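Worksheet: the structure to be examined is printed underneath.
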């Protein structure tokens, strides 16, 4: 069964790994774009806890096939990319050690790179799991973004499972929604625990009270990472429902 957005004509896009500098540090990334010329919206695709792996690269290509210029920065470039089979606890510890302020700057440099590749001046950001949190962080932390999709970003009310704040995460992302830029679509699964439906409802209330342009949607019969077709969490029906909604959201907010 094809995955949602599967690239049926690979020859219609071009894709490559690359590196860009942020504060003098090399950030690995993966970019894909349509071969046909013309200004197009740009999208930052932010990784799950497992890094810019083949699944994330494939999602980048799917967005390119849908008409966007897409880039997945490897946020772990500063602390070591996740390795196959590495314990999740070790990866999470490195992720949490990255200062939020540095993440925003690294993503800004990725956005600047995209802007040099024939975009229409509009920028979207979509993230999954860890990337969902970072997408919301970017939209609320000063990122120059027009539309953001946060897919099941965890630790939005706290820095970690046991700490409200840390030196690297001094302000919970949910406390920053008053600074949200652009439109926001938050996606979660009704069976998820991080974020739980209750946490998603809390975020929704804060966004509403702040008067922000945001939609929070909980998908039925779905849990954490239900779009990740390489993981046992994958739910084909929910994933098939989500993909066109993401394209519609970006289409509405990123085209002239």
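The numbers here are math on the coordinates, done by the rules we state, and not lab data. Note that the structure is a prediction, hence the values are computed from the model and not measured. FYI the Cβ positions are ideal-geometry reconstructions off the backbone, even for glycines, and counts take in every protein chain you see.
Tabulated data
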read-out: Listed residues 222, 174, 161, most fluctuating in the chain (Gaussian network, C-alpha, under 10 Å); value: 161
read-out: Computed helical MRE - 222 nm, the chain, DSSP H runs ≥ 4 contributing -39500 (n - 2.57), nearest 500; value: -10000 deg cm²/dmol
read-out: Least to most buried among 44, 92 (fewest other Cβ within 10 Å first); value: 92, 44
read-out: Protection proxy ranking of 76-82, 140-146 - average other beta-carbon atoms within 10 Å, highest first; value: 140-146, 76-82
read-out: Taking segment 114-213 and dividing mean pair separation by its residue count, relative contact order in percent (alpha carbons under 8 Å, at least six apart); value: 25 percent
read-out: Proxy reagent accessibility, fewest Cβ within 10 Å first, across 171, 162; value: 162, 171
read-out: Per-residue Cβ neighbour rank within 10 angstrom, fewest leading, 71, 107; value: 71, 107
read-out: Euclidean distance between Cα centres, segment 63-125 to segment 1-54, Å; value: 10 Å
read-out: Three-way shape label, segment 122-256, alpha-carbon gyration tensor, a/c 1.5; value: oblate
read-out: Contact order normalised by residue count of segment 10-254, Cα under 8 Å, 6+ apart, percent; value: 15 percent
